[in-house]
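Heads up, the thing below is written out as structure tokens.
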Amino acid sequence: MRYLTFALGKGRLANSAMELLAKCGIECEEMKDKNTRKLIFVNEELKLKFFLAKGPDVPTYVEYGAADIGIVGADTIMEENRRVYEVLDLGFGKCRMCVCGPHDAAKLLDHHEMIRVASKYPNIAKDYFYNKKHQTVDIIKLNGSVELGPIVNLSDVIVDIVETGSTLRENGLEVLEEICPLSARVIVNQVSMQMESERIKKIINAMKENLE
Ligand code: PRP
């Protein structure tokens with residue numbers, strides 16, 4: 001039996017994913033050591049491997065078959081647009097992709113003006129403004145703390161994830177338009193889905209049964 005490999009997006013999602021897998025009887029002792037610098041963890045008994053990766057890299061590992069199964073946010077799947085199968089919505093990590101900005105920026109969205117949009121998600125922003133709103137905009141890629149964009153006048157609005165809304169509130173910004181709801185998803189390599197379909201389907205069904 002060959003190893004099946006999981007790629008997990010680092011951070012909160014990975015913790016929730018490991019909790020769910022534990023409920024399915026899939027555990028990895030090595031991963032519980034918080035101080036470890038190891039990158040890959042093995043469950044010899046079940047012939048499973050796990051590694052943690054930066055969220056945007058998870059669909060890349062899965063597309064190329066370096067991982068058979070990935071667990072990552074829907075935002076990353078949309079942004080990366082990789083050739084993978086999305087097989088399950090895990091329901092946790094719920095948040096929204098939104099256009100946000102100061103209250104006054106709302107009118108710039110209504111009047112279809114040429115505006116500047118800062119985002120960690122340039123492809124999602126482009127698709128929303130160009131294909132859905134038919135508004136030509138200037139998209140500026142940032143790598144984090146995107147809320148700074150309108151505050152320091154880099155951009156008029158941002159396209160970003162809103163979870164509790166507290167980052168927006170504390171910085172005098174608000175949701176202006178909602179693009180889509182988001183949550184954690186399971187993705188599978190297209191070849192693995194054919195070659196290891198029995199084992200993979202068993203794992204997916206166990207996850208489905210243990211969702212809250
Ligand atoms: C995310 C997102 C928002 C914030 C939203 O940032 O980009 O900034 O969380 O959460 P809230 O609505 O609960 O305030 P993250 O913490 O991932 O860091 P980043 O800004 O470096 O991307």
>> For segment 164-173, give me the residue count where each residue is open to solvent by 30 Å² or more (accessible area, probe 1.4 Å), part of a loop (DSSP other than H, G, I, E, B) and without any contact (Cβ under 8 Å) to a residue 60 or more places away in the chain.
In response: 2
> What are the residues in segment 123-139 that are under 25 Å from the mean Cα position of the chain (by Cα) and not in a helix (DSSP H, G or I), if any?
Replying inline: Lys133, Val137, Asp138, Ile139
> In the set Val84, Val72, Val58, which member is β-branched (Val, Ile, Thr) and under 17 Å from Glu196 (Cα atoms)?
Replying inline: Val84
> Does Leu176 satisfy the condition of being surrounded by 12 or more Cβ atoms within 10 Å (Cβ to Cβ) and assigned to a loop (DSSP other than H, G, I, E, B)?
Replying inline: no
> Can you pull out the residues in segment 83-122 that are under 22 Å from Ile200 (Cα atoms), open to solvent by 80 Å² or more (accessible area, probe 1.4 Å) and assigned to a loop (DSSP other than H, G, I, E, B)?
Replying inline: Arg83
> Looking only at segment 164-181, which residues are under 12 Å from Cys98 (Cα atoms) and within 7 Å of the ligand (Cβ to nearest atom)?
Replying inline: Gly165, Leu168
> Yes or no: Leu90 touching a residue at least 12 places away in the same chain (Cβ under 8 Å) and farther than 25 Å from Asp156 by Cα?
Replying inline: yes
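Does Glu80 fit the bill of being of a type in the set (Asp, Glu), touching a residue at least 12 places away in the same chain (Cβ under 8 Å), touching a helix residue (DSSP H, G or I) at 6+ places or on another chain (Cβ under 6 Å) and over 10 Å from Phe6 (Cα atoms)?
Details: of a type in the set (Asp, Glu): yes; touching a residue at least 12 places away in the same chain (Cβ under 8 Å): yes; touching a helix residue (DSSP H, G or I) at 6+ places or on another chain (Cβ under 6 Å): yes; over 10 Å from Phe6 (Cα atoms): yes.
So Glu80 passes the test.
Given Ile161, Ile124, Ile115, which one is touching a residue at least 40 places away in the same chain (Cβ under 8 Å), within 12 Å of the ligand (Cβ to nearest atom) and among the β-branched types (Val, Ile, Thr)?
On the way: Ile124 fails: within 12 Å of the ligand (Cβ to nearest atom); Ile115 fails: within 12 Å of the ligand (Cβ to nearest atom).
After applying the criteria, what remains is Ile161.
Listed here are the residues, each with its yes/no results for (1) of a type in the set (D, E, K, R); (2) over 30 Å from Met18 (Cβ atoms).
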| site | (1), (2) |
| --- | --- |
| Pro122 | no, yes |
| Gln135 | no, yes |
| Gly144 | no, no |
| Asn153 | no, yes |
| Asp160 | yes, no |
| Asn171 | no, yes |
| Glu174 | yes, yes |
| Pro181 | no, no |
| Ile187 | no, no |
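For Gly101, are the conditions met, namely being within 16 Å of the ligand (Cβ to nearest atom) and in the same structural domain as Leu52 (by TED's automatic domain parsing)? Quick ask: steps written out before the conclusion?
On the way: within 16 Å of the ligand (Cβ to nearest atom): yes; in the same structural domain as Leu52 (by TED's automatic domain parsing): no.
Judged against the criteria, Gly101 is not a match.
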> Restricting the search to segment 134-153, which residues are in contact with a helix residue (DSSP H, G or I) (Cβ under 9 Å, 6 or more places away or on another chain), away from the ligand (no atom under 14 Å from the Cβ) and open to solvent by 30 Å² or more (accessible area, probe 1.4 Å)?
Replying inline: Thr136, Ile139, Ile140
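Provide a single number: the residues in segment 23-59 that are at negative phi, open to solvent by 40 Å² or more (accessible area, probe 1.4 Å) and out of contact with any Ser or Thr (no Cβ under 8 Å at 6 or more places or on another chain).
Residues of segment 23-59 that are at negative phi, as a first pass: 23-24, 26-46, 48-59.
Among the residues that remain, those that are also open to solvent by 40 Å² or more (accessible area, probe 1.4 Å) are: 23, 27, 29-30, 32-40, 42, 44-46, 49, 52, 54, 56-57.
Filter once more, keeping what is out of contact with any Ser or Thr (no Cβ under 8 Å at 6 or more places or on another chain): 23, 27, 29, 32-40, 42, 44-46, 52, 54, 57.
Qualifying residue count for the region: 19.
Residue-wise test of (1) on the phi > 0 side of the Ramachandran plot; (2) assigned by TED's automatic domain parsing to the domain that holds Glu113.
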site: Asp138; (1), (2): no, yes
site: Gly149; (1), (2): no, yes
site: Val152; (1), (2): no, yes
site: Ile158; (1), (2): no, yes
site: Gly172; (1), (2): yes, yes
site: Met193; (1), (2): no, no
site: Ser197; (1), (2): no, no
site: Ala206; (1), (2): no, no
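The values are calculated or read from the model by the stated rules, or taken from the named source; none is laboratory data. What you see is a predicted model, and the numbers here were worked out from it, not measured in a lab. All Cβ positions, even for glycine, are placed from backbone atoms using ideal geometry, and neighbour counts span all protein chains on display. Each accessible area value is taken on the protein alone, full model and side chains, heavy atoms only, with ligands, DNA and RNA left out. Shrake-Rupley method; radii C 1.70, N 1.55, O 1.52, S 1.80 Å.
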